[in-house]
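Here the structure comes first, spelled out in structure tokens, and everything after it is commentary.
Please treat every number below as a calculation from the coordinates, not as lab data. Since the structure is predicted, the reported quantities are computational estimates derived from the model, not experimental observations. Note that we place each Cβ from the backbone using ideal geometry, even for glycine, and neighbour counts take in every protein chain shown.
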Amino acid sequence: MDAAPYVDSFYARTRRDDTRWPALAGTVEADACIIGGGLAGLNLALELAERGRRVALVEAHRVGWGASGRNGGFVSPGYSLGARRLVERVGPADARLLYGLTVAAVATIRARIDRFAIDCGPIVPGILKASLAEEPAGLRRDVDFMADMFGVTSLEHWPRERLRAALATERYNDAVLNRGAFHLHSLDFARGIARAAASAGALLFEGTAATGLSLGGATKEVRSAGGLVRARAVIFACGGYIGRLQPRLALATVPVATYVMLTEPLGARLGSVIGVPHGVSDTRFCNDYYRPLADTRILWGGRVSTFHPPADRIAAALKRDMLQVYPQLRDVAVEVAWGGTMGYPRHKMPQLGRLAPGVWHCMGFGGHGMAATTTGAAVVAAAIAEGDDRWRLFAPFGLAFAGGPLARPAAQTIYWGHKLRDAWRARARPRAAAS
């Protein structure tokens with residue numbers, strides 16, 4: 001099959017190079033075959049190749065084609081499951097180990113950008129997480145909790161006055177700045193990891209969908225329309241694009257779409273609206289996330305659904321969301337909007353583990369994957385190459401059934417419920433203030 005082009009987006013329009021890799025043709029012998037060329041698969045290819053393993057990676061379209069090259073570009077420690085819930089689920093000791101893996105991943109990302117000269121900048125430090133104006137100013141407690149439980153010292157509480165001096169909106173109450181987080185050009189980063197993996201000896205194949213599998217013997221086979229990979233280990237790194245390729249993984253995954261838009265340049269006006277270079281998100285389940293770009297555009301993301309509307313509807317919906325926060329931007333045009341599909345597990349933790357001898361999975365990073373994919377790749381690669389057992393830290397989460405054929409409508413209903421709750425809270429605020 002031919003590789004589908006990158007979806008029209010800020011990232012596709014501004015990517016620094018267009019290196020292409022061939023489709024698989026004939027038979028390839030490898031130690032490991034990775035299915036999926038997003039950040040999880042690409043980092044796996046790099047990790048294993050640097051350990052001297054013969055690696056083949058097959059990607060149905062282009063490397064970084066899916067969520068890895070379409071997201072908000074925010075890099076921070078942690079998982080989609082919040083830190084407090086993580087402690088409740090596995091206890092303080094294992095929660096510290098799990099969180100520490102993502103702290104190490106953020107450092108690895110910075111080190112790889114420097115080591116491989118990945119041009120994915122500007123790399124801008126700092127991400128603000130803001131509470132809504134109708135919520136009590138409680139984020140100060142989160143700073144203390146993260147310091148006490150995980151030893152995190154990079155968080156800084158911003159009270160309402162400081163936040164409103166930085167962001168010209170009445171939408172928020174207070175915020176926490178994570179100075180250890182940053183944002184970057186996600187597609188250029190993914191493509192840079194791909195080049196690093198190829199330089200280390202990994203074989204990358206684009207336009208190569210896996211169409212058949214034989215996983216029962218000591219030597220596994222992954223078939224495509226044009227060839228065959230024979231390997232001792234197979235790793236699924238497909239995320240929201242697993243389809244029907246592996247039923248157990250498919251039943252544990254909800255493919256969820258999320259959306260991003262890019263405004264026209266605001267010029268000097270940007271600084272009067274967003275007066276800091278940091279990325280911003282809020283504390284809602286259905287949150288907004290956005291960041292100012294060097295060329296004075298705003299990259300704005302949000303919403304989740306199981307639908308895939310056209311770009312003009314995405315742009316209209318996200319602009320309405322932006323105007324809820326910054327109504328003064330009503331006259332600002334949207335230049336491009338796009339969606340992407342992420343694999344979302346019920347438990348909001350990465351799905352890392354072994355399905356059978358020599359058959360692994362590294363996926364399910366839903367909504368918090370820039371650092372967690374690096375974590376997952378490091379853990380699974382160490383397990384395959386060295387027998388490292390840190391992957392067992394993720395065993396309490398496993399492959400929880402996500403609903404099968406009912407997963408998409410159930411997820412959409414849950415999302416609508418959260419949206420209604422958010423709207424009710426926003427309406428209740430002025431009534432409470434008046435009383």
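Calculation over all alpha carbon pairs of the range 61-138 in 10 angstrom steps from 0 returns a P(r) of 14, 33, 35, 16, 2 percent.
Annotation note: chymotrypsin sites (Phe, Trp or Tyr not before Pro) in the range 290-331 located in DSSP loop regions with a Cβ neighbour count of at most 15 within 10 Å are F307. Panel values: the range 131-212, Kirkwood radius from alpha carbon pairs, Stokes-Einstein at 10 °C and 1.306 mPa s, translational diffusion coefficient 96 µm²/s. Give me the net charge for the shell around S154: Cβ to Cβ below 15 angstrom, other residues only, Lys and Arg +1, Asp and Glu -1. Result for the local shell: -1. When +1 charges are put on Lys and Arg Cβ atoms and -1 charges on Asp and Glu Cβ atoms, the dipole computed for the chain relative to its Cα centre reaches about 820 debye. The phi-based Karplus calculation (6.51 cos²θ - 1.76 cosθ + 1.60; θ = phi - 60°) puts the 3J(HN,Hα) values of the range 218-223 at 5, 9, 8, 10, 10, 9 Hz, whole numbers, x for Gly and Pro. Sequentially through the range 3-10, phi angles give Karplus couplings (6.51, -1.76, 1.60; θ = phi - 60°) of 5, 5, x, 4, 4, 5, 7, 3 Hz, Gly and Pro residues having no value and appearing as x. When peptides 238-245, 324-331 are ranked by their average number of other Cβ atoms within 10 Å per residue, the highest-first order is 238-245, 324-331.
Which option, (i) 0.96; (ii) 1.70; (iii) 1.01, is the value of Cα Rg over 2.2 N^0.38 Å that was calculated from these coordinates? Correct label is (i).
Number of Lys-Lys pairs in the chain with C-alpha atoms under 26 Å apart and a separation of 8 or more places or on different chains: 5. At q = 0.15 Å⁻¹, what is the log10 ratio I(q)/I(0) for the range 25-174, with the Debye formula run over Cα points and no solvent? Each listed q maps to, in turn, -1.02.
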